[in-house]
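Read through the structure below, which is laid out as structure tokens, and then see the notes.
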Amino acid sequence: MSTAIYSHPDCQRHEMGDWHPESPARLQAIADQLINSHIHDLLEHREAPLAQLSDIERNHSRNAIGIVRDNVPAAGEYYPIDGDTSLNAHSWQAALRAAGAAVAATDAVIDGEIANAFCAIRPPGHHARPGEPMGFCMFNNVAIAAKHALDVRGLKRVAIVDFDVHHGNGTEEALLDEPRALMVSFYQHPFYPYTPPIPDTPNRVNVPVPGGSKGDVVRQLVADKWLPALHAFKPEMIFISAGFDAHREDDIGGMGLVEADYAWLTAQVMAVASQYAQGRIVSCLEGGYNLSALGRSVVAHVKVLAEL
Ligand SMILES: [Zn+2]
């Protein structure tokens, strides 16, 4: 079985201004590096469908959906949601494709059509709160897919692994009262979105780390904190919030990971997934703003997913 890449041209039509780091060029950089590294043809490329409204409603209030759907501006204009998040004429469509990719990939993995999947999508999702979009994010693609796996596909336990440099506050909020989901993450602290750290529980191991931390710090905390929690929880499927902005070349984040660290992280998740979850993994792009480092890191991540 193969690894699938889910994407759609609509995800490149959403943009928030030429100055904005969360740009369509990110997906082009990923596509280019998959070709340059000679792995493009070894992967299965699938078009992301539009999410159903019922998929989004599993994680977001009517009000949160309305903020995106009802404010789409005319071509060439922007509608501001917060200081660094805005809509253009294509944003609603792109947001539905992003969430639709995550849900479709979840179905395809559970149905055994593919081994696992990487969703090359934008807008990203892990800051999107149940009640409002924020921080470059419209809808929480990973939380929507996780709830689909639980509530529609009947899985009993799912884990979410978030290695973006920023705290996945939207995902944490979405799953606070969900005993069927475990979230593990690290994130630079103090840093955007400045949510105060909350204590670890059996279902939530979100570890703040100081700026400047490199791969050795992250690998140690994965071994000490993530892996025991994952082995205790025994997830039936794993979702990855795959942000690559903790890379040392990424100027938005202030950490020092390199491609080899992303490969190592992915291998740890693969090992847990093969032990408890029949290898089921759906990984969704979050951050990552240095175009070269982003493309190279996604190649390192996907190579491990695809066992290439
Ligand atoms: Zn980020």
In Å², rounded to a whole number, the accessible area per residue of the stretch 93-166 with probe 1.4 Å is 19
May I ask you to list the GluC sites (Glu not before Pro) in the stretch 1-80 that are in a DSSP loop and have at most 13 other Cβ atoms within 10 Å of their Cβ?
Glu77
Given the whole protein assembly as supplied and a 1.4 Å probe, what does the accessible area of Tyr289 come to in Å², nearest 10?
40
Which one, Gly154, Pro179, Pro123, is farthest towards the positive end of the dipole of the stretch 113-184 when Lys and Arg carry +1 and Asp and Glu -1 on their Cβ?
Gly154
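Excluding His40 itself, calculate the net charge of residues whose Cβ lies under 13 Å from the Cβ of His40, where each Lys or Arg counts +1 and each Asp or Glu counts -1. Before the final figure, lay out the partial values.
On the way: positive: Lys303; negative: Asp32, Asp41, Glu44.
Taking every Cβ under 13 Å from that of His40, the sum is -2.
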In the chain, if the dipole is taken from +1 on Lys/Arg beta carbons and -1 on Asp/Glu beta carbons about the Cα centre, which of Ser37, Met138, Gln268 is farthest to the positive end?
Gln268
Quick tally, 1.4 Å probe accessible area for Arg153, Arg122, Arg62, Arg69, sorted with the most first, runs Arg62, Arg69, Arg153, Arg122
Cross-link reach list, aspartates and glutamates versus Lys214, counting only Cα pairs under 14 Å and skipping chain neighbours closer than eight places:
Asp164, Asp245, Glu249, Asp250, Glu259, Asp261
Express the relative contact order of the chain as a whole percentage, based on alpha carbon pairs under 8 Å and six or more residues apart in sequence.
20
Show Tyr192, Tyr6 ordered by accessible area, largest first, where the area counts protein heavy atoms only and the probe is 1.4 Å.
Tyr192, Tyr6
Show me the helices of the chain, taken as full DSSP H stretches, that run 20 Å or more along their long axis by Cα and average 0.0 or above in Kyte-Doolittle hydropathy.
91-110, 259-276, 291-305
Using a 1.4 angstrom probe and counting only protein chains, how large is the accessible area of Ile35 in Å², to 10?
100
Which percent of the accessible heavy-atom area of the chain goes to carbon and sulfur, probe 1.4 angstrom?
51
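The values are calculated or read from the model by the stated rules, or taken from the named source; none is laboratory data. Quick caveat: nothing in here was measured; it's all calculated off a predicted structure. Neighbour counts are summed over all protein chains in view; Cβ atoms, including those assigned to glycine, are modelled from backbone coordinates with ideal geometry. The protein model used for the area step is the full one, side chains on, heavy atoms only, and it has no ligands, DNA or RNA in it. Shrake-Rupley method; radii C 1.70, N 1.55, O 1.52, S 1.80 Å.
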